[in-house]
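In what follows, a structure is listed as structure tokens, so that the remarks can point back to it.
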Amino acid sequence: MSRAAAKKREDPVEEPDRLEGFSSPREVDRLFGHEAALTEFGDALHGGRLHHAWLMVGPEGVGKATLAYRLAREVLARGEEGAPHAPIDPDHPVFRKVAGLGHPNLLLIRRSWNDKTKRYSQYISVDEVRRLRNFLGHSAGETGWRVVVVDRADDLNQNAANALLKALEEPPPRTLFLLVATAEGRIPVTIRSRCRTLRVTVLGHEELERAVRAALERDDHEVDAETLSVALELSQGSVRRALELATGEGIALYRDILAAFARLPELDGPAAHKLAERLGGFGSDGERLELFLSLLLGLMERLIRQAATGEGAIGEERALANRLLDRATLPHWVEAWEAIGRAKADAASLNLDRSLLVLETLYRLQQAARGAPG
């Protein structure tokens, strides 16, 4: 068992978006890539022009939270002093306190744990944001800075967003808000207008591989070279997705998807129902279905791009693109890709029947391969 997995067993209510078996972003001491974001923030901090609120926006799993805690440690440990962009050593007291959420000048706002349902809340509640009142009321020691991390800001419900807005409108001196978000459009314009936006982009292949290898080594995961190579190819620049694929059932699921595509336009009925039961059956927490749909949509996007431009597919996907997609069927594949994407979003927000969603997805693939509307 990895160190991170052992720790999680001891403290199961760690945080809602943590990848099981891996260290929290608060505990990660190395940041790969994102030099432009570091420079933009560092220049503002050390130039005396630090905005009080930063909205850190980027795709899922690219290191936004890791970057947020890197910036929080720098501000809490040194303020405007010290060398710009120099990381805080893991043995530094501030690093240890931030990692353990024990720093008196750091507040993390996130979805809360419900002891009755044994699940995290779907949204960040107003009660969670109201903790700001006491936090901002006490005097800041050490560097005199206070840092509020909202992870993730796109999880705020309406009342919580209104409560946060009040704090953003009249922040105490030397208070820094770091709002982490994936879906920028879900954040009210009133909040966005009071933040400076910091774009966090996907990693290049070299940086991605370095980040993934470092995480695997740090948390004692062993992955063979072929699995790691496929995981990196499928991750679309996301460290989290690469780790999820490399250490979970993601690669096997991807192979199942390829096998289903290879049979198109035919469908194996019993196999389809078995897959639907495995992904959306009773007791499923939705994560496996989320992974399945993300992998499938990614594959469809690459096949469509391959058919339209002659590039985009990886490995054996090229043969699938050549066999399944042509000028006549391409519009139907695009239509199916859009419909499956909408259904994926609806499944998350409307709590739709997951097994039925899998079957409908497979049916849409069959229709697209036949050149028929889905």
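At R0 = 41 Å, how high is the FRET efficiency between Arg119 and Ala319 if r is their beta carbon distance? Nearest 0.05 is fine. Please report the intermediate quantities before stating the final value.
On the way: r = 42 Å, r/R0 = 1.03.
It comes to 0.45.
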Heavy atoms of Glu60: accessible area, 1.4 Å probe, square angstrom to 10: 80 Å²
Label-point separation, Arg278 to Asp326 (7 Å along Cα→Cβ), nm: 3.3 nm
Cβ-derived FRET efficiency at R0 41 Å, Glu266 paired with Ala214, nearest 0.05: 0.40
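With helices defined as uninterrupted DSSP H runs, which ones in the chain have an alpha carbon span along their own long axis of at least 30 Å and mean Kyte-Doolittle hydropathy of at least -0.5?
Values: long enough: 287-309 (32 Å, 0.60).
Length and hydropathy pass: 287-309.
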Relative contact order of the chain, defined on C-alpha pairs under 8 angstrom at six or more residues apart (%): 16 percent
Thr309-Asp43 pseudo-label distance in nm [points 7 Å out on the Cα-to-Cβ vector]: 2.9 nm
Carbon and sulfur %, accessible surface of the stretch 96-161 computed with the full protein complex present, 1.4 Å: 44 percent
Proximal charge balance of Glu40 [Cβ under 12 Å; K/R count +1, D/E count -1]: +1
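What number, rounded to the nearest 500 deg cm²/dmol, is the helix-based mean residue ellipticity at 222 nm of the chain, given -39500 (n - 2.57) per DSSP H run of at least four residues and division by all its residues?
Per the formula, -16000 deg cm²/dmol.
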Contact order relative to length of the stretch 13-168, as percent, for alpha carbon pairs under 8 angstrom and 6 or more apart: 23 percent
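Determine by what factor the alpha-carbon radius of gyration of the chain differs from 2.2 N^0.38 Å, reporting the quotient.
Working: Rg = 22.4 Å, N = 374, 2.2 N^0.38 = 20.9 Å.
Cα Rg divided by the expected 2.2 N^0.38 Å: 1.07.
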Binned Cα-Cα distances of the stretch 267-343, short to long, each 5 Å bin given as a whole percent: 3, 15, 20, 20, 20, 13, 7, 2, 0
Amide H contacts of Arg196 (H built 1.01 Å from N, under 5 Å, at least 5 apart or other chain): Ala53, Trp54, Leu55
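The values are calculated or read from the model by the stated rules, or taken from the named source; none is laboratory data. Quick caveat, the model's predicted, so the values are computed rather than measured. FYI the Cβ positions are ideal-geometry reconstructions off the backbone, even for glycines, and counts take in every protein chain you see. What goes into the accessible areas is simple: the full protein's heavy atoms, side chains included, and nothing from ligands, DNA or RNA. Shrake-Rupley method; radii C 1.70, N 1.55, O 1.52, S 1.80 Å.
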